[in-house]
Structure formats: C-alpha cells, structure tokens
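Have a look at the structure below, then the notes.
The values are calculated or read from the model by the stated rules, or taken from the named source; none is laboratory data. Only a predicted model underlies this, so the values are computations on that prediction, with no experimental measurement involved. Glycine gets a Cβ as well: all are built from the backbone with ideal geometry, and neighbour counts include every protein chain shown. Side chains are part of the model used for accessible areas, which takes the heavy atoms of the whole protein and leaves out ligands, DNA and RNA. Shrake-Rupley method; radii C 1.70, N 1.55, O 1.52, S 1.80 Å.
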Amino acid sequence: MKPAQFSYHRAGDVAEALTLLERYDGEAKLLAGGQSLVAMMNFRLARPAALIDITRIGGLSYLRASPDGLRIGALTPHRAVETTRDPAVLDGFGVLPRSARWIGHYPIRVRGTFGGSIAHADAASEWCLLAVLLDARILLRGPDGERTVPATEFFLGLYETAADPGEMITEIWFPRPARHAALTEFAQRQGDFAIVAAAVSTQVTDGTCDAVRVVLGGVGTRPLLLDTEELAGAPAGPATWQAAGELAAAAIDPPSDGHASGDYRKRLAATLVTRALAQSAMGATGA
Amino acid sequence: MTDRHTIRLRVNDREHTVTVEARRTLADVLRHDLGYTGTHLGCEHGICGACTVLVDGAPARSCLMFGVQADGSDVTTVEGLADGEQLSDLQQAFSDHHALQCGFCTPGFLLLAQAYLGELSDAEPSEAEVREVVASNLCRCTGYQGLVDAVLATAKARRAAGPDGAGSPGSPGGDPG
Amino acid sequence: MTGGAGAQTTTLNGNRAAPEAALSPSGRWVGAALPRKEDRRMLTGRGRFTGDFTRPGMLHAAFARSPFAAATVGAIDAAAALELPGVAAVFTAADLGRPFLRAVLERDEFVPTPMPMLAGDEVRFAGEPVAVVLADDPYLAEDAAELLDIDWTPMPAITGIEAATADGARQVHQELTGNCMVDLTMCESTSLPGIFAAAPVIVGGTFTSARVAALPLEGRACVAEWDDRDDQLVAHVSTQVPHQVRSGIAQALGVAEGRIRVIAPDVGGGFGLKCVVGREEVVVAAAAMRLRRPVAWVEDRSENLTASFHGHEQRYVVRAAFDDDGRILGLSADIDCDVGAYSAFAFTSAVEPLMASSELPGIYKVPAYRARGRAIATNKAPTAPYRGVSRPQIVLVMERVMEKAARALGLDPLTVRRRNMIAPGEFPHTGVTGITYDEGSYLASLDLAEQRVAAGGWPAERDRLRDGGLLAGIGYSCFSERTAYGTPVMSQRRMRMTPGYDTAHVRMDPSGEVIVTTGTCGHGQGHETTFAQIVADKLGVHPGQVRLRQGDTDLAAYGWGTFGSRSIVIGGGAAGRAAHQVADQLRRVAAHLLEASPDDVELADGAARIRGDDTASIPIGELSRLAYFQTHRLPEELRYGLEARASFDPPGTFSNACHATMVSIDPGTCQIRLRRYLVVEDCGVVINPMVVDGQVLGGVTQGVAAALLERISYTEDGQPATTTLMDYLAPTAAELCPIEIVHLETPSAFSETGAKGMGEGGTIGAPAAVLNAINDALSGTAVSFDQIPVLPTDLHAALTNTGLTNTGLANTGLAGTRTDAP
C-alpha cells in the first residue's frame, strides 16, 4: 500500500499555492493535515500529479471571536478548536469545541485542520454539519480573487464542493452565535466516522421554539438541512424534541451498507435528533 | 520522472541529511533510509497508530506523512525515549503494568502517551480519560488494560513528583510547560 | 489424583510485575510475576521484526492478485512491468515450476486438494496471488504489479454454504463433491433417535458465527536469501511455526529440509494466522533461490484482511434432549464450516469441523451424541486455526442450549449447568467422544463467579440501568479449554504431518549461564521469561542467567511451534525435563567434589550445597567451569560439559473458566455496551501470573469483539467488503470495560510443572457470555439471538417489531453513553 508517484511542492504563502494549483490545472491537491488525503493516496485511490503542502503558510491558523462572529483560519487544527479557552469562543460558539471530541482520535485532531475537513466534504464530518447548521460562510481565494460561499451551498455531494480546482479555502466564518446548539453522533467504535450524526440548534423565547434547525450527516451524500418549519411555535420540551426526531426519520431515505441498514439509520436519526435537541436546550455549557 | 528531494531533519536530536522520493512516507524514511526501525507499520492508513512519532513535539502518524514534509523538523521516535540504558518512567511503567506482549504496537503507544502526558499540565486524568486516549491506537495482544494502567500510573507519579519531576531525565517531551 | 481448588488470587486493574524484593526468598521463580525479559528491547525500539531486515542487494516483492472470486487465468503479459527501471523480474506459477502444497488427513472422509503457491490457470478467491514482481523497492514493485496485463475470464462465485452444497453447484476444486473437503460423522450413538422420541424437553436451533480475521498488528512477512557459505536458503519469516514453514517450503519447492533454515525473529502477533504456511512466503523463497538475491515481502493490511487466512465461519444445527430435571440426555449436531478456497498446510481445513465435533459436549456429561462435521469450500479466502479454533463456537452452542433448556423447564440456568457438569468427584471423566477430561474446577469456578457477581452489586447495577431506560442483562459461560495436545491426541486426526511433542535442549556454559533451545516459538506470550522461570527453579540459578533460543530451525531438530495453547506445557515441560537432567549432572559433580551423595545435594541461590550443612557449598559457576575447563578432574561419566535434551509429549490437559458479563442495550441507538466483566479461571499452576492475566485480557478482548464488532464480509459475487481497518472493527480500549480476573488452581497431573495451557480461554468463553448477556437483556421481548456478532443494525431489525424505541434518553444522568455530548 504505497502511494503512486507525485511531485511535491511546499507553498510559502497563499499566492504561491494558487500559482501551483493553476500550473497543475486540476491535477494537484492541497496537502494540509493529510489525515484523509494521504490514507487515500496510500490505497492509490487518490493519485494527484502533485501535492502542494500548505502546512507552513503562516497566518492561517486562528480562532477569532468578535461582534462580527467567529472566524476560523483554514489551517487551524481540530485540537486548537477543541482546547480553546477563549471565553468569547466558548460563549457563543461553544458547540464547536464541544463537538471537536467526536473527530477521530487525539493524534488525528492534532494534525487535521478545520479547512481540510471542509474541503474534504465527508457527508458525516462534524465541521461540515456545523457549518451548515450555523449558516457559516466559506472564504475562498482563487486566481480571480476572493469569494464567499454559504455553507448551505458549498457541499454538493460526496467529497464534492463548490470550490473550483484553482481555489483554496482560507477561512470559515460563523457570522452568528448559537448558544443552544449541540452535535451528537453514533458509531460502533470510538473515533470512527459517524454512521449518523445530528447537529441541531434552537432559538427559544419564553419556552417556545422560534426556530429549530436540524442538520443530519451520514444519511445521504452531503449534510442534509431538514425542513423544520412545522416545529416553529412548538413548546420547547421533550414532546417537541421527540416530534423533531420523528420528523427527521420521516424526512430521509438513507442508504443501506455493511454497517447499517437504511431503516436503522432512520432510527438513529430519530434518536440522535431528539437527544441533541434535549442537550441543546440545556444552554451554552452543555452541562 | 521521479521527484526526489534532499531533506534535513533531526531525529532524536541527531542531524540527518537524506535524499528521498516525494512519495516516500515519513515512516519508510525513518525505518529504511535512516535505520530507525523501532517505528512500525500496522496498517498504512492511519487507523492503528503503530507508526506514531513526534514531529516538532506533536504526535503524528508517520504513515500519513511524507518524509519531505519533515524537512527542517525535529522528530522523536521510540529510540529517543530512553536515556542511554535508563528507561524513562513511561517505559518502565509499561513493563511494570504488562502493557506489551508482542511489542509491535508498543512504540506507537509510547509516543502517543508521551505526547498526551506532555500536554496534561496539572490535571490528573481519570481512568475514562486515559482510556479514551489509549483508544487512539490498536493493540491486539493486551486487551488495553495494562496500557491504561501504565499511562495512569505515570501521570499520577509525575503529578506527585511535582512540576520539576515530570518525565525522567533526558526523556523528550516530558515537560508539560 | 488429588485436586480441588487451590490458591486463589485476585487481580482487578492491578496486573503488575513484582519487584524482585517481593519474591520468595527461596528463589522459587515459578509463580512469580517476574518482569519480562522481552520488554527492554521492545520498549526501546530494538525489537527485530522481519520487515526490519535489510540485506545488500535486497529486492522487494509485490503480488498481482485476482480481482475476481473465481476466474480462469489466461495470458499474463509482463512487458510493461519489466520495462520499469529497477524491476528485476516477474514470475508466474509456470516460471517457478507450479509449486503447491497439499495438506493431508489420512482418512477417507477427507478429500485432499492442492493449494498452489501462485495460482495457475484458475483463481479461487479474490486476492489470490497470480504473479510476483521483484523490484528495488516496494513502491516500485507496486507500480510494476499494476502494469501486469492479465487475461481473466470470471466465473460465478460460490460464496456461502448453501450455494456450495446445492445440487449441481460448481465445484471449487474438481476433486470435491458437494464442495466438501471433509465430511465426517464422528460419533453416532445408536440410542439417540429413541432418546429424542421420548424426551420431555427438546431444545435447539441454528447457531452461526461470522467469519473473522486474526488481525495481528504485524502482518505476514518474509525475507529470504541463499546463503552460499552454509549452502542453504535462509528465510526470516513472521511465523508461529518455523519448522512447519521449513517443511512447507521443502515440500513445495522439492528441496531437502536440511537445505532450508527458517528463522522467526520477533513476531508481532499471530493468533493462528501464522501457524500455517502461506503462499507468499514460499514464492519469496523460490524467487530468492532463482535470482540468487535476497527477496523481501511485507504484507500490507489490505492483503492481511483479504488475502491471507480467516476463521470461525461456522453454522451449527443442534438438537438437545433434556429430562424434567434439566439433565441432558442426548445431543445431535450438524456442523458446517465455511473454510474458503483452500486447505491450509499443515493443519488442513478439517481442523475446525473436527475439533468442533469431537469437543462439543465440553464440560457437560452428554450420554448420547451425534455430530457430523463438514468443511465446505467456497470462493473466499482460506482459513487457518484462529485463536480458539471452534471452541468459541461450541461453547456458544452449549451455553445457549443450557439457557434454552432452563427456560423451557422454568429452571435457573446456572442450576441446569451445575446438574450437567462433570462434578468434582468424577475426574478423570471420559466423555462420549472418547476424550478424557482431567481434573478441573468447573463447579467451583461457577460458584465463585456467581458469588462475586452478587457481591459486586451487579444485579443492582442492572436494575439501575433498566430504571434509566436501557435494557441490561447478565450472562455467563462455563467451559473448558483443551490444551497441550500431544502426539497421541493429534494422531487421532490422522494428519500426514502430526504435531504434538516438542523437544528442548538445555546447556550450561562454563560461566554458569544457561541456554535453553526450544521448538516452540513465542510471539508475545513471554516465553523468554516463563521458560527461564521453570529452568531457573530446576537449576537453582536466577532467571536472568537463563536465555531462551527459539524460532530457529537450525537450532532444534524439529519443533511444532506455538499454537493451541501448547507451549508452556509441552515446550516448558521439555525444558523442565532437560533442565532436570542438567540439574542432576550438577548435583553429581557437586557430590563428587563434596564427597557426598547426590541425593543430599540441593541447588539453590546459585550454589550447590549439602542439605542441612551450610558450610559445604560450591557456587554453580564453579561447577560449570570445572565441567568444561577441568574435566579431567571428574569421573568419566561426569565429563565433557553440562547439557541434556528431552522431549515431552503429554496427552493434553484441560484448563477451565467461568465468565460473567453485564451488557446494556440502548434501544434508541441499539448500541450494546460492556458494563462489567469477570473471569474466574483455572489453568493449574501459574508460572507467571502477570503473563497469564495478560493472555486472559487479550483473549477476552478478541472474544468480546467477535460477539459485538468483528465480521469479515463479502458481496454476493465474492468481493471482499471489509478491506480496511475502517470496515473491520477491531476493538479499541473504549469498547471495553475493566476486566476482573480471579484464579483457581487445580494442578495438572499431565504437566511437568502442573501448569495447563490457557492462551485461548479468553477468546473461547467470551462470545457465549456476551451473547447470553444480550439475550438476558432482551428477555422481556420476543427477541433473542443465536448468532455472533450481534450488531446494532441487527438489533434494530429485531427490535423494530417489538415497538421498543425510547429515543428520549437524554438527561438520564448515565455517564459515558457515547451519544451524549462530551
């Protein structure tokens, strides 16, 4: 299981990375944490002509909370999100550090990057789900300049995004806090990719749900934002969480594979949505 | 047309210069180009963790890195943990608690634990927390109990020894500061 | 034969090496938790595994493998591969003379079939090697292997027992009928039909166990080269059975055994995968001989999961008759093992069905019995004797049968077990299949387990889990483990190559250091330490002075390796006997010098002294120096050194255990979690308790995984579906709970040390205990399982019909259910 040949380049800054991407015209891949990409290359499932190592580019690893929201640099390791103690991050965006623990294992979180997960676009990836849930914006830089794509429009299919081959993700911006948000998932073993994952957030006023937002992972080729209109106005409580779970199960037609039947995925969706909503209602600490 | 690079890296505080193909994994560079065969390959897709080393102080699965990425870096392998013939406290704990049988996964667990214990600062971890970290790597022989016990015992002993006693003399990465 | 429960020790999260100061002052090393000698090199990265070797001019091998489960093979065009710079050669079966192995049982019910080392004109499983590429490095070898142009004509694949045994099915091997490699009815009590006709209660069912992979962390590997000076092939192989590999290479390549040396260096686990001869090792040897250059092959994990050897895919159709008191009257079983495409050398594919048929009754007194065992060939990877070899399955069957009988009769399942077990006064007991069970503590271990479950508050915890909305259950399994099968027992199988005995050589050198050479081949079991403990006790020296040499066919005339929980009894027994002879020599030399009778000389703490006389003692190092350097001072019969060779060939001896476990089931996710695990085990005299506990823990982990996680899958057309460690779910530490181990000690009368083998017990007993716990948790529903693994998706399907959903388990305050937020 040794990879096929490729040319290796180390980019010193974003401009250099973009130049190299252009030179290889879609046949090069950006190398950040490598936790997904290199494994695929070892299997020879991925055979890029070139790798552009962006890990030494400075200034792309940060967590900045401000009234403007939370901005996360693309090269921020998962571990940095997991272990942040910045009260500004924890206050409005605590769902992110709390969810980091679900990503693989500790050593994978040390090297893997936030932007890498977004770019890889696995349908059950925690950051992809939370990006959709919290209506994040993906900042891309390409030969023609910068652009922003809403997360809800970024994930097109399995491992497929709206980024052009010549573009690089530089930042993920979460414009609004979500103090009542939770992510939960299920896998048979600790650290495995989720069979089903549920990311939820609620907005509650005086005991009534103004809005309930539910994103599911693992039930299709990309994160699925459910239509939860009918839950608006429902009382914030176990009956509504249960109804949301049932709504989720009814709304999906998940595939069957070696790990789980489609029907079992529906059960998981119902369970996980219900439990995530119960957790999210507990407040920013998740306690 | 093979893309070859000459890289310089420090392994266990020793300088090396070597020319390698771009696609040669860090694990293979360490094992076969530089002779540090203590790092083992158990899966080559980043699941088993047997290939874990420290790169610039942080744990890395060397099967998921290319040697060229380590150009200019400091690498710690299992061969760098002991101080001459003196085992580190962590290595000794592994033996005391029977945390190894065939020994193949052992280097990966040592480096994993080394990194984790280095990050711990003051907190004394619970059995569940240690078990969660030990769950990062696979072992087929031991059933993990000895591994959990060894890491817990080392964490406890280091905490009892106080801030200056973390790790044993000469064990890299043992300083939590 | 005296017996009964001896010393009891308890280990709970405290399996530790004993500091030497805590050891008995008399220096009795057997029984001490001596720290392992193996550890130092493993902890410092100085272990030497096969893939670590580099030899000058070494080539690397990569194999081109069949993408089809069944196909005929036409032309193999290697032109493009050979054009790559650095590619030295490409070999097909024809190039190497079509080497093959044929494992044989000399009995009519077995149909021998060949296993080609490289497939010739037919491939029989996806992943079967058809050609080998030799190149300067493994990356290049893979590049070249991709460039081989191979003409395949696929055939429909036979992927299961039903399809294989159906009328008119294509035969995986032309020699076979009904795709049966063996069809043996081992026992057929004529009274059975009448017993079933008259019995008040009959229980039974169909019990299935999925195909699993041994998954040692180190895959297979081989480095072979021709040694011109010794005029032999030298092959370093990651194996459990170096002599059998030597025999295999010799037979496949038509070379005399003496011209081959196989060395097992440090081996990173085996679990039975490596106790057969693999194809690639033979091909590498052949390539090395042809090219007269060293050749290396290191299996990658995909190959290990798909193209090496699997195990345990079995199906039992069972009926058991009971009387009103829950005593078993008769047992009938039809046992089918899906053994894949080839019969492995040297055990043959019959090993699983034969062991299952002959040992199914286990610890229970079954008066009338019938079992038919078959090995069915399919277009899947071949099988090897993976840890436990049918015992996990037969224990599962019997433990489920006991539970079902109890349920049918309204009796306590533990009571039913007790009524059927071989009781303390009944040993030795020869069972209906002719197997003699030596003294064990079946009843005592169950009693103790039951006590500890109660004392440990398990029922209250189970209730608490249930109150929280989970399902929870407790399950038991009681069983014996047959170990240390000597030649007489093995010969009943009629293997052409019959293992059993082993031989040890012990010599003391002039400085008093001892070298023990064994034909067993440890790979994690701590033999360098435990054998040293046995020998040190005999010779009165410190184990630090005793060095074990193992795994080298040039050092031992023949040895059978390490498998089947044989080594400490047979290898250690032979070593003990040889050491005894050397001790005798030492005593006689000392007696000569001290002018005493040898019977009055004792060896202890590094010296020989006259019993009761502290003044008359000679250091052992002095005796050894004399024996070599001043040999003329000794009488003729005591001259020329200190060494002895001895063999040991026991009838076999049974260890036993009782496992108890508690699981919880989350109806919302169908997750099954292990909550508590207890092992009460008896392996006779314990040589090193730390090592024994380690074997139990590792074995239980594999057994739990077989019940909850692991399954090798194929698609309907025979494509492997579990090809990576993402698909094949070997457990991490997080899937386990702490395991409590308690020891009883019923010494074996058939073992030099009183020890019994025990390496497989954990794997044998765990699946049944977990399955029983799952079924206990489900006892309020109409759902039960007679299969392993029980996966969440299986539970979901079964529970769906019962209306159990309960998705709202948040805020139950239950720590650690993984679907909660961190």
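Some points to look at:
- Of all residues in the range C:403-425, those satisfying the criterion of being under 12 Å from C:ILE363 (Cα atoms) and in contact (Cβ under 8 Å) with a residue 60 or more places away in the chain are C:ARG417, C:ARG419, C:ASN420, C:PRO424.
- Comparison of C:ASP666, C:ASP693 shows that the only residue that is touching a residue at least 40 places away in the same chain (Cβ under 8 Å) and either within 14 Å of chain B (Cβ to nearest Cβ) or in contact with a Cys (Cβ under 8 Å, 6 or more places away or on another chain) (or both) is C:ASP693.
- Conditions (1) buried (at least 24 other Cβ atoms within 10 Å of the Cβ); (2) in contact with a Lys or Arg (Cβ under 6 Å, 6 or more places away or on another chain); (3) acidic (Asp, Glu); number of the one not met by B:ASP28: (2)
- Among (1) open to solvent by 10 Å² or more (accessible area, probe 1.4 Å); (2) of a type in the set (Gly, Ala, Ser); (3) at pLDDT 95 or above, the one test that A:GLY217 misses: (1)
- Test: residue in the range C:451-471 that is out of contact with any helix residue (DSSP H, G or I) (no Cβ under 8 Å at 6 or more places or on another chain), within 30 Å of C:GLN240 (Cβ to Cβ) and polar (S, T, N, Q): no
- Single residue of the range C:675-689 satisfying the filter (open to solvent by less than 10 Å² (accessible area, probe 1.4 Å) and touching a Cys at 6+ places or on another chain (Cβ under 7 Å)) that is nearest to the other protein chains (Cβ to nearest Cβ): C:TYR677
- Elements of type helices (runs of 4 or more DSSP H) in the range B:55-139, at least 1 residues being open to solvent by 10 Å² or more (accessible area, probe 1.4 Å), modelled with pLDDT of 95 or more and within 9 Å of chain C (Cβ to nearest Cβ): B:89-96, B:127-134
- Of all the residues in the range C:691-721, those that are in contact with a Gly (Cβ under 7 Å, 6 or more places away or on another chain) and outside any helix (DSSP H, G or I) number 3.
- Filter pass, A:ALA80 being modelled with pLDDT of 95 or more and buried (at least 22 other Cβ atoms within 10 Å of the Cβ): no
- Test for C:GLY759: is it touching a Ser or Thr at 6+ places or on another chain (Cβ under 6 Å), part of a loop (DSSP other than H, G, I, E, B) and not polar (S, T, N, Q): yes
- Condition broken by C:PRO114, with the remaining ones in (1) within 21 Å of C:LEU140 (Cα to Cα); (2) under 28 Å from the mean Cα position of the chain (by Cα) satisfied: (1)
- Selection from the range C:505-526 of residues that are on the phi < 0 side of the Ramachandran plot, within 14 Å of another protein chain (Cβ to nearest Cβ) and open to solvent by less than 10 Å² (accessible area, probe 1.4 Å): C:CYS521
- For the range C:592-611, taking the residues that are closer than 18 Å to C:GLY512 by Cβ and over 39 Å from the mean Cα position of the chain (by Cα), the one that is surrounded by the most Cβ atoms within 10 Å (Cβ to Cβ) is identified as C:ALA608.
- If the condition is being open to solvent by less than 20 Å² (accessible area, probe 1.4 Å) and out of contact with any Lys or Arg (no Cβ under 9 Å at 6 or more places or on another chain), then the range C:43-61 contributes C:LEU43, C:THR44, C:GLY45, C:PHE49, C:ALA61.
- Set side by side, the residues C:VAL234, C:VAL241, C:VAL245 differ, and just one is open to solvent by 10 Å² or more (accessible area, probe 1.4 Å), away from chain B (no Cβ under 14 Å), closer than 19 Å to C:VAL276 by Cα and of a type in the set (Val, Ile, Thr), which is C:VAL234.
- Note on the range C:711-724: among residues that are more than 8 Å from chain B (Cβ to nearest Cβ), touching a helix residue (DSSP H, G or I) at 6+ places or on another chain (Cβ under 8 Å) and not aliphatic (A, V, I, L, M), the one that is surrounded by the most Cβ atoms within 10 Å (Cβ to Cβ) is C:PRO720.
- Top-ranked residue in the range C:348-391 [being part of a helix (DSSP H, G or I) and within 23 Å of C:ALA444 (Cβ to Cβ); ranked as nearest to the chain's Cα centre (by Cα)]: C:ARG391
- Members of the range C:725-771 that are open to solvent by less than 20 Å² (accessible area, probe 1.4 Å) and within 14 Å of chain A (Cβ to nearest Cβ): C:LEU725, C:TYR728, C:LEU729, C:ALA730, C:PRO731, C:THR732, C:ALA733, C:LEU736, C:CYS737
- Qualifying residue in the range C:152-161 (condition: of a type in the set (Phe, Trp, Tyr), away from chain A (no Cβ under 14 Å) and under 30 Å from the mean Cα position of the chain (by Cα)): no
- Residues of the range C:123-151 satisfying the condition of being more than 14 Å from chain A (Cβ to nearest Cβ) and under 31 Å from the mean Cα position of the chain (by Cα): C:VAL123, C:ARG124, C:PHE125, C:ALA126, C:GLU128, C:PRO129, C:VAL130, C:ALA131, C:VAL132
- Count of the range A:264-275 residues, restricted to those that are open to solvent by 20 Å² or more (accessible area, probe 1.4 Å) and more than 7 Å from chain C (Cβ to nearest Cβ), is 1.
- C:SER491 satisfies every condition listed in (1) over 24 Å from C:VAL276 (Cβ atoms); (2) modelled with pLDDT under 95 except (1).
- Residue that is surrounded by the fewest Cβ atoms within 10 Å (Cβ to Cβ) [pool: residues in the range A:83-124 that are closer than 16 Å to A:GLY217 by Cβ and among the hydroxyl-bearing types (Ser, Thr, Tyr)]: A:SER117
- Scanning the range A:97-135 for residues that are of a type in the set (A, V, I, L, M) and within 12 Å of another protein chain (Cβ to nearest Cβ) turns up A:ALA100, A:ILE103, A:ILE108, A:VAL110.
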